[in-house]
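Below: the structure, in C-alpha cells.
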Amino acid sequence: MTRRLTAICLLLAVAIAAASCTASRAYRQGNTAMKDGSADQAVAYYRVAVQNDPDNAAYKIALERAMVTASREHLGRAQKFEEQGQLDAARSEYRLAAEYDPSNQTASAKVTTLEQQI
C-alpha cells in the first residue's frame with residue numbers, strides 16, 4: 001500500500017510540475033505576442049497559462065489586459081470597416097470585440113444593429 005501511495009504521489013508531483021512548466025511557457029509566449037502587437041495570439045497563450053495554473057494572479061491579469069487590448073483593436077477595425085461600407089466584416093469585428101470584452105456595450109449594440117441592417 002505504501003509503495004502504491006508513493007507512486008501516486010510521484011505521478012501527481014510530475015503532473016503538477018509539467019502543468020507549471022506549460023503555464024510558464026505559455027505565459028512567456030503571451031508576453032512575446034503582446035510585445036509583437038498580436039493581442040489575439042497573446043490571449044490564446046494566456047488562456048493556456050491560466051488553465052494550467054488557475055491560481056496565478058499574474059497570468060489572470062495578463063489575460064484580462066490582453067483581452068481588453070484585443071477588444072479595442074477589433075473595435076477599431078470594425079469602425080473602419082463600417083466607414084467603408086463593409087458591414088459583414090464590421091459585424092464580425094464588433095462580435096470579436098464583444099467576445100473579448102463582454103462589458104463593451106458599444107460593440108454588442110453594433111452587432112445587433114448590423115445584424116438588422118444586413
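Per-structure values
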item: Kirkwood-based Rg to Rh ratio, segment 62-118, C-alpha trace; result: 0.99
item: Theoretical gain in end-to-end length, E64 to S24 [0.36 nm per residue, Cα-Cα removed]; result: 12.7 nm
item: Rounded to whole Hz, the Karplus (6.51, -1.76, 1.60) HN-Hα couplings of segment 102-118, x for glycine and proline; result: x, 7, 6, 5, 4, 5, 4, 5, 5, 4, 5, 4, 5, 5, 6, 7, 7
item: Simple label model, 7 Å out from Cα along Cβ direction - A109 to D88, nm; result: 2.7
item: Mean Cα-pair separation over length for segment 57-118, i.e. relative contact order, pairs under 8 Å, 6 or more apart, %; result: 30
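Quick note: the coordinates plus some simple rules give every number you see, no bench work behind them. Computed from a predicted structure; not experimentally measured. Here Cβ is always computed from backbone atoms with ideal geometry, including for glycine, and neighbour counts include all displayed protein chains.
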